[in-house]
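The values are calculated or read from the model by the stated rules, or taken from the named source; none is laboratory data. Everything numeric in this text was worked out from a predicted model, so none of it was measured. Positions of Cβ are backbone-derived with ideal geometry, glycine not excepted, and every protein chain shown enters the neighbour counts. Surface areas here come from the heavy atoms of the whole protein model, side chains and all, with no ligands, DNA or RNA. Shrake-Rupley method; radii C 1.70, N 1.55, O 1.52, S 1.80 Å.
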Amino acid sequence: MSQPISTLAIEKGTGRPWEEWLAYLESINAPQLSHKEIAKKVYDKGAPGWWAQTVTVAYEQHIGRRVPGQDCDGEFSVSVGKTLDGTFDQALETWVKLVGGRNEFSEITISRAPEITTTDKWRYWRCGLADGSRVNVNIYQKVPGKAALSVQHEKLESSEQVEHWRPYWKELLKKL
């Protein structure tokens, strides 16, 4: 099961106790605000960019607006990763070799054929599944000779689906 965000990490990352964030968020009537509006106010209050999002998500979990693993649109996603030896092009080639020719993942048919895109710093492999979810593989060069590959499975409908897919993707990545 996905875990709630650690309030101790928030305190360490923002330099403010969680209770202070709660008091501030209540004072601005945050339950009536959108995710984006809350994050902007938290940022304006001094939380650096990433921490503003983290405080906002933790608060939304605190008030029951979302559960761990759920995004602000009500959908769920899971991400797992692995560091591979070689370049990011080699990592992409290794991934394509592993999954090439497949027509399903965990008995869910691939409904949108895999596509590969590249930028100067990233390599992407993406496909859609028949259940409406999406698989995105993102690869970048961590350091010379090491590439990071992550599988992000988006548009899941429940935390149960997250818990089904997390071990599935981890097991598949072991084969790389």
Hey, any hits in segment 124-138 for a residue that's within 17 Å of residue 173 (Cα to Cα) and small (Gly, Ala, Ser)? no
In segment 129-153, anything exposed (fewer than 15 other Cβ atoms within 10 Å of the Cβ) and either of a type in the set (Gly, Ala, Ser) or closer than 15 Å to residue 75 by Cα (or both) is listed as 130, 131, 132, 145
Subset of segment 59-81, residues surrounded by 20 or more Cβ atoms within 10 Å (Cβ to Cβ) and in contact (Cβ under 8 Å) with a residue 40 or more places away in the chain, comes to 69, 70, 76, 78
The one condition residue 132 fails out of (1) assigned to a helix (DSSP H, G or I); (2) closer than 29 Å to residue 3 by Cβ is (1)
Expected output for segment 108-122 (first residue part of a strand (DSSP E or B), partner loosely packed, with under 10 Cβ neighbours inside 10 Å and not aromatic (Phe, Trp, Tyr), Cβ below 9 Å, 6+ apart or cross-chain) is 109/103; 110/103; 114/100
- Query: Looking at residue 9, is it over 22 Å from residue 79 (Cβ atoms) and either of a type in the set (A, V, I, L, M) or open to solvent by 60 Å² or more (accessible area, probe 1.4 Å) (or both)?
  - Reply: no
